[in-house]
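The values are calculated or read from the model by the stated rules, or taken from the named source; none is laboratory data. The shown structure was predicted, so the numbers you read here are calculated from the model rather than taken from an experiment. Using ideal geometry, Cβ is built from the backbone for each residue, glycine included, and neighbour counts are taken over all protein chains shown. Surface accessibility is based on the protein's heavy atoms, side chains included, excluding ligands, DNA and RNA. Shrake-Rupley method; radii C 1.70, N 1.55, O 1.52, S 1.80 Å.
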Amino acid sequence: PERKGNFIMNLPSTSHNENKCTKIGFIVRGETDAVIIETLAQKILSERYPEATVYFATVSLYSPLHERNMLPTIDLFGRKGYKHIIVVFDAEPMNLHETQAFKHYFEFRLTTKGLASYVSLVPVIPVIEMWLFAAPHAIKSVTGVEIHPSDLDTFLSLKKVFQRLLLKNGVNPNDETVLRSIANQLNLEEVRKKVSSFCEFEQALERAIQ
């Protein structure tokens with residue numbers, strides 16, 4: 001699958017070929033999250049559902065994910081024929097209680113609008129870079145950066161930790177080629193064992209293609 005657009009107005013229209021496959025939409029915040037999500041979705045489906053024919057499109061929102069920007073985006077996906085929408089968002093800076101409260105509230109709003117079976121919410125605690133840190137050999141293989149447990153024992157955002165470690169070694173943390181390579185080299189079983197939100201993302205993909 002190829003990422004088609006980063007803004008809601010650029011969401012691609014349905015083509016003849018796309019009508020023959022399962023269309024899944026992702027809503028994330030920011031370009032780096034979009035690259036990681038799409039690469040891992042493709043990797044998961046190729047390993048677990050190689051016969052599935054799936055088309056992805058992603059909307060990257062540049063403001064915090066709230067009802068006022070997510071619901072119109074979900075509505076647009078629906079009008080363009082997408083079967084399922086997966087919203088993946090970093091929990092940070094919310095704590096666990098705040099994250100769960102937001103998830104439950106938004107799930108309630110989706111239910112009242114008849115969209116609960118059509119949308120999956122996947123909060124990542126604390127940030128999506130935790131999925132990459134769960135298999136540090138992939139980061140080292142691509143960038144030469146070796147991750148130590150002490151690097152993650154910090155009050156800093158793990159998103160900032162990831163960026164600083166790569167920059168320190170002369171690697172652009174926003175380089176899409178670098179991010180795709182790291183994601184593609186992840187040992188998925190290793191990530192599953194360490195990060196529950198990754199398992200939730202896989203389950204959301206499974207629901208989407210069923």
Note to self: Name the residue that is least open to solvent (accessible area, probe 1.4 Å), counting only residues in the stretch 175-187 that are under 15 Å from the mean Cα position of the chain (by Cα) and closer than 10 Å to Thr32 by Cα.
What the structure shows: Leu179
Next item on the list: Scan the stretch 166-182 residue by residue and report those that are in a helix (DSSP H, G or I) and among the aliphatic types (A, V, I, L, M).
Entry: Leu166, Leu167, Val178, Leu179, Ile182
Item checked: Conditions (1) part of a helix (DSSP H, G or I); (2) over 23 Å from His66 (Cα atoms); (3) in contact with a helix residue (DSSP H, G or I) (Cβ under 8 Å, 6 or more places away or on another chain): number failed by Leu76 -> (2)
Check: Given (1) at pLDDT below 90; (2) open to solvent by less than 30 Å² (accessible area, probe 1.4 Å), where does Phe26 come up short, assuming only one miss?
Finding: (1)
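Tell me yes or no: at least one residue of the stretch 115-123 is more than 18 Å from Gln203 (Cα to Cα), in contact with a Leu (Cβ under 8 Å, 6 or more places away or on another chain) and part of a loop (DSSP other than H, G, I, E, B).
Of the residues in the stretch 115-123, the ones more than 18 Å from Gln203 (Cα to Cα) are none.
The answer is no; no qualifying residue exists.
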Next item on the list: Please go through the stretch 169-205 and pick out each residue that is without any contact (Cβ under 8 Å) to a residue 60 or more places away in the chain, of a type in the set (D, E, K, R) and within 28 Å of Val119 (Cβ to Cβ).
Entry: Glu189, Arg192, Lys193
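If the requirement is being in contact with a helix residue (DSSP H, G or I) (Cβ under 7 Å, 6 or more places away or on another chain) and either over 16 Å from Leu186 (Cβ atoms) or surrounded by 17 or more Cβ atoms within 10 Å (Cβ to Cβ) (or both), which of these qualifies: Pro126, Pro149, Pro93?
Working: Pro149 fails: in contact with a helix residue (DSSP H, G or I) (Cβ under 7 Å, 6 or more places away or on another chain); Pro93 fails: in contact with a helix residue (DSSP H, G or I) (Cβ under 7 Å, 6 or more places away or on another chain).
Going through Pro126, Pro149, Pro93 in turn, the sole match is Pro126.
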Next item on the list: Pick out the one residue from Arg79, Arg180 that is basic (Lys, Arg) and modelled with pLDDT of 95 or more.
Entry: Arg180
Note to self: Please go through (1) under 20 Å from Ala34 (Cα atoms); (2) open to solvent by less than 70 Å² (accessible area, probe 1.4 Å) for Lys160 and return the number of the only condition it doesn't satisfy.
What the structure shows: (2)
Checklist line | Of the criteria (1) more than 27 Å from Phe155 (Cα to Cα); (2) open to solvent by less than 50 Å² (accessible area, probe 1.4 Å); (3) part of a helix (DSSP H, G or I); (4) touching a residue at least 60 places away in the same chain (Cβ under 8 Å), which one Met70 fails | finding: (4)
Note to self: For the stretch 125-165, give me each residue that is in a loop (DSSP other than H, G, I, E, B), among the polar types (S, T, N, Q) and more than 18 Å from the chain's Cα centre (by Cα).
What the structure shows: Thr154
